[in-house]
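**Q** Sharing a structure here in structure tokens format.
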Amino acid sequence: MEAINSSVIGPPDVPVPFLRKLTEAALIGLLALTLNLAGNARTTLWDRDEPRYAGCVREMRASGDWIHPTFNAQPRYDKPILIYWLMLIATELGGDNPFGARLVSAVAGAGTCLVVWGLGRRMLGARAGRLAALILATAPIMVVESKLSTTDATLTLWIVGAQACLWLLSARPSKLAAAGFWTLMALAVLTKGPIGPALIAMAGLVSWWWGGPTACWSRLHWRWGLAGFVLLTAPWFVAVGLISHGEFFRVAMGNHVLRRMTSGMEEHGAFPGYYIVTSLLTFHPWSALLPAALWGGWTRRRAHPALGFLLGWIVGPLILLECVQTKLVHYYLPAFPACALLTAWMIGAVTREEVNLRRWPLGRLSLGILAGVGIGITTALIAALVAVHGPTRWPCLALAALTGTVTLYALERFQKGSTARAAHALVAAWASIMVLVGAWLLPSAEPYRFARIVAERLADQAKKQKAVPMLSTFQEPSIIYVMGHPVDTMRSRAELLERVRREGPVVSALLPEEIGWLLGEPQVEVSFPETLRGFNLSKGRTETLRLTLIRWRDSTVAGRAKQPQVK
């Protein structure tokens, strides 16, 4: 244990009874799980990714096919299989609903906080480990991703676990830690492909460059470790490759790996430094303390290998992701646990050295960022009171008051040198803010969720008119999830006309520009039971849709019939 003891930064920990450690871990896990689950059952799935994952799980259960994922009866080759297997189990426990669909991510997010707690205790001491876990549990990006039925929270758990195994191996050889590393790498690949190993490798390279521990890499038992990795991952990849005739690899690797690296897919390109700028909001308020933490870690990295390890974990993925042309805020999620650990170390160092944060290098910058972003969020929430109407205004008011108050209080405590007290105040306040967002703000916005409204009205009209629902240009995945079964899509005019002639009336939600050609078709009768207008979140624009009922016209009156006009 020499390597670990030599890297503990701060006074030695007083031995703590096992029951007390267990209680502390349970409370941290309970806090994280509460934040991750708050309001999930009252908020429908968010387009576009959540309904795709949940709908795919529903179709796998209905078909009994556990190998070949589909969404809307079409193959879904975007991601490997593990997340669907885990969500199948979760929806059995929590129900086939938004709560059950999000359960995997909620548990994974809480699990990540617990791994950070344990790793922080070994690496930096008990206080730093506890604070790091609380920082991560209350970070907006961690809570949000742990509330979504996607892969990112789960991938982060595997990556953080693998990093913990590497840290243990830096202290001494351990076959158990090596086996854990390779198992977690296999789970990462089965969750989201090669990005997990790539992030670990880049973090390790920068860590080695900057003085982090290196012995861990020679203790990984590469021969049997790689063999075990292949044994765990190969069966499904071989099976799906055979079933899809290689199409899975063309889509998953060619489209979702190579294209994301070389182009901004789905208009998700961004400017250099994107992750640094966005983290000011997504990791607030802790992002404000990162400049001071990074500078402190950089200047002391040679004396303390733990700091070199954390710096590599933070900067390595950042370099890799900046080279990838497609950029989304959650791609950087696996590095935020290291940010939480380094921030907790800095808070502990400032407290032990009994200095004012302003006198710490870049401390003034950190306080300026805390004030600027905090005031900016408060101002935006106050502006929302004017822009929004109905029940959403009240949670905005409460969040504005809480954010502004805690920002001013934390600044005052930091200014007076009460660094630890300011940090604990931020933990308490942002835990409350995350609960309010999940349990109050997001559910209050449900009446305005346009895609959900369209899906419900489309299903109602299909039942009332005894018509077959079909999708056209407006085909948000949540429509398919709310409908509860695959929904056909209009691919051509001839196909639609043949469908109406052969199977009876069709109802669809059409944009105004899609209706014109229907009015000129003498073979069909068109009516418009409802007009819907709302804000499409996934497109970022207001849209108008007309629920359109299309019936086959009797051929004896087709030529004489007068077509309805769009009003």
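The values are calculated or read from the model by the stated rules, or taken from the named source; none is laboratory data. Since the model is a prediction, treat every value here as computed from it, not as a measurement. In this analysis, Cβ positions are derived from the backbone assuming ideal geometry, glycine residues included, and neighbour counts consider all displayed protein chains.
**Q** Every residue in the stretch 516-543 that is modelled with pLDDT of 90 or more and of a type in the set (A, V, I, L, M), please.
**A** Across the stretch 516-543, the qualifying residues are 524, 526, 532.
**Q** A further question on this structure: Would you check if residue 500 is more than 26 Å from residue 58 (Cβ to Cβ) and at pLDDT 90 or above? Can you show your working first?
**A** Working: more than 26 Å from residue 58 (Cβ to Cβ): yes; at pLDDT 90 or above: yes.
Criteria met by residue 500.
**Q** So, in the stretch 60-97, of the ones that are hydrophobic (A, V, I, L, M, F, W, C) and more than 21 Å from the chain's Cα centre (by Cα), which residue ends up nearest to residue 445 (Cα to Cα)? I'd like the intermediate steps shown before the answer.
**A** Our first condition is that a residue be hydrophobic (A, V, I, L, M, F, W, C); within the stretch 60-97, this holds for 60, 62, 66-67, 71, 73, 81-83, 85-90, 93.
Restricting the remaining residues to those that are more than 21 Å from the chain's Cα centre (by Cα) gives 60, 62, 66-67, 73, 93.
Details: 60: 31, 62: 31, 66: 35, 67: 37, 73: 31, 93: 27 Å.
So the residue we want is 93.
**Q** I'm trying to understand the selection: among the residues of the stretch 307-346, which are polar (S, T, N, Q) and either farther than 19 Å from residue 369 by Cβ or surrounded by fewer than 24 Cβ atoms within 10 Å (Cβ to Cβ) (or both)?
**A** Restricting attention to the stretch 307-346, the residues satisfying the condition of being polar (S, T, N, Q) are 325-326, 343.
Hits for the stretch 307-346 are 325, 326.
**Q** Would you check which residues across the stretch 47-59 are surrounded by 21 or more Cβ atoms within 10 Å (Cβ to Cβ) and within 17 Å of the chain's Cα centre (by Cα) and list them?
**A** 47, 50, 51, 52, 53, 54, listed by residue number.
**Q** Determine the pairs where a residue that is more than 19 Å from residue 169 (Cα to Cα) and in the same structural domain as residue 153 (by TED's automatic domain parsing), located within the stretch 104-133, has a partner that is modelled with pLDDT of 95 or more and assigned to a loop (DSSP other than H, G, I, E, B) with Cβ atoms under 6 Å apart, the partner being 6 or more residues away or on another chain.
**A** Filtered contacts from the stretch 104-133: 105/146; 105/148; 106/146; 109/146.
**Q** Identify all residues within the stretch 358-367 that are modelled with pLDDT under 95 and either surrounded by 15 or more Cβ atoms within 10 Å (Cβ to Cβ) or of a type in the set (A, V, I, L, M, F, W, C) (or both); write none if there are none.
**A** 360
**Q** Starting from residues that are more than 24 Å from the chain's Cα centre (by Cα) and surrounded by 15 or more Cβ atoms within 10 Å (Cβ to Cβ), keep the ones in the stretch 476-493 and report whichever is modelled with the lowest pLDDT.
**A** 490
So that you can scan it fast, the table gives a plain yes or no per residue for (1) touching a residue at least 40 places away in the same chain (Cβ under 8 Å); (2) out of contact with any Gly (no Cβ under 8 Å at 6 or more places or on another chain); (3) closer than 26 Å to residue 48 by Cβ:
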| site | (1), (2), (3) |
| --- | --- |
| 469 | no, yes, yes |
| 476 | yes, yes, yes |
| 482 | yes, yes, yes |
| 496 | yes, yes, yes |
| 512 | yes, yes, yes |
| 523 | no, yes, no |
| 529 | yes, yes, no |
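**Q** Kindly list the number of the only condition in (1) surrounded by fewer than 17 Cβ atoms within 10 Å (Cβ to Cβ); (2) β-branched (Val, Ile, Thr); (3) part of a helix (DSSP H, G or I) that fails for residue 473.
**A** Of everything listed in (1) surrounded by fewer than 17 Cβ atoms within 10 Å (Cβ to Cβ); (2) β-branched (Val, Ile, Thr); (3) part of a helix (DSSP H, G or I), residue 473 misses just condition (3).
**Q** In contact (Cβ under 8 Å) with a residue 40 or more places away in the chain, touching a strand residue (DSSP E or B) at 6+ places or on another chain (Cβ under 9 Å), surrounded by 16 or more Cβ atoms within 10 Å (Cβ to Cβ) and in a helix (DSSP H, G or I), is that true of residue 451? It would help to see each step written out before you state the result.
**A** Numbers: in contact (Cβ under 8 Å) with a residue 40 or more places away in the chain: yes; touching a strand residue (DSSP E or B) at 6+ places or on another chain (Cβ under 9 Å): yes; surrounded by 16 or more Cβ atoms within 10 Å (Cβ to Cβ): yes; in a helix (DSSP H, G or I): yes.
It is true that residue 451 is in contact (Cβ under 8 Å) with a residue 40 or more places away in the chain, touching a strand residue (DSSP E or B) at 6+ places or on another chain (Cβ under 9 Å), surrounded by 16 or more Cβ atoms within 10 Å (Cβ to Cβ) and in a helix (DSSP H, G or I).
**Q** From the list 83, 67, 135, which one is in a helix (DSSP H, G or I) and over 20 Å from residue 313 (Cβ atoms)?
**A** 83
**Q** Right, another one. Among (1) in a loop (DSSP other than H, G, I, E, B); (2) in contact with a helix residue (DSSP H, G or I) (Cβ under 8 Å, 6 or more places away or on another chain), there is one condition residue 245 misses while meeting the rest; what is its number?
**A** Among (1) in a loop (DSSP other than H, G, I, E, B); (2) in contact with a helix residue (DSSP H, G or I) (Cβ under 8 Å, 6 or more places away or on another chain), residue 245 violates only (2).
**Q** Quick one: would you say residue 87 is modelled with pLDDT of 95 or more and under 13 Å from residue 54 (Cβ atoms)? Working first, answer last.
**A** On the way: modelled with pLDDT of 95 or more: yes; under 13 Å from residue 54 (Cβ atoms): yes.
For residue 87, the condition - modelled with pLDDT of 95 or more and under 13 Å from residue 54 (Cβ atoms) - is met.
**Q** Then there's this: Considering only residues that are assigned to a loop (DSSP other than H, G, I, E, B) and at negative phi, which ones fall in the stretch 34-64? Give the steps one after another, and end with the answer.
**A** In the first step, residues of the stretch 34-64 are kept if they are assigned to a loop (DSSP other than H, G, I, E, B); the result is 38-39, 43-48, 64.
Correct list: 38, 43, 44, 45, 46, 47, 48.
**Q** Scanning the stretch 285-306 for residues that are within 15 Å of residue 206 (Cβ to Cβ) and touching a Leu at 6+ places or on another chain (Cβ under 9 Å), which turns out surrounded by the fewest Cβ atoms within 10 Å (Cβ to Cβ)?
**A** 298
**Q** Another question about this same structure. Name every residue in the stretch 30-43 that is touching a Leu at 6+ places or on another chain (Cβ under 9 Å) and more than 15 Å from residue 427 (Cβ to Cβ), in order of residue number.
**A** Within the stretch 30-43, 37, 38, 39, 40, 42, 43 qualify.
**Q** Tell me which residues, restricted to the stretch 377-391, are in contact (Cβ under 8 Å) with a residue 12 or more places away in the chain and over 25 Å from residue 280 (Cα atoms).
**A** Across the stretch 377-391, the qualifying residues are 390, 391.
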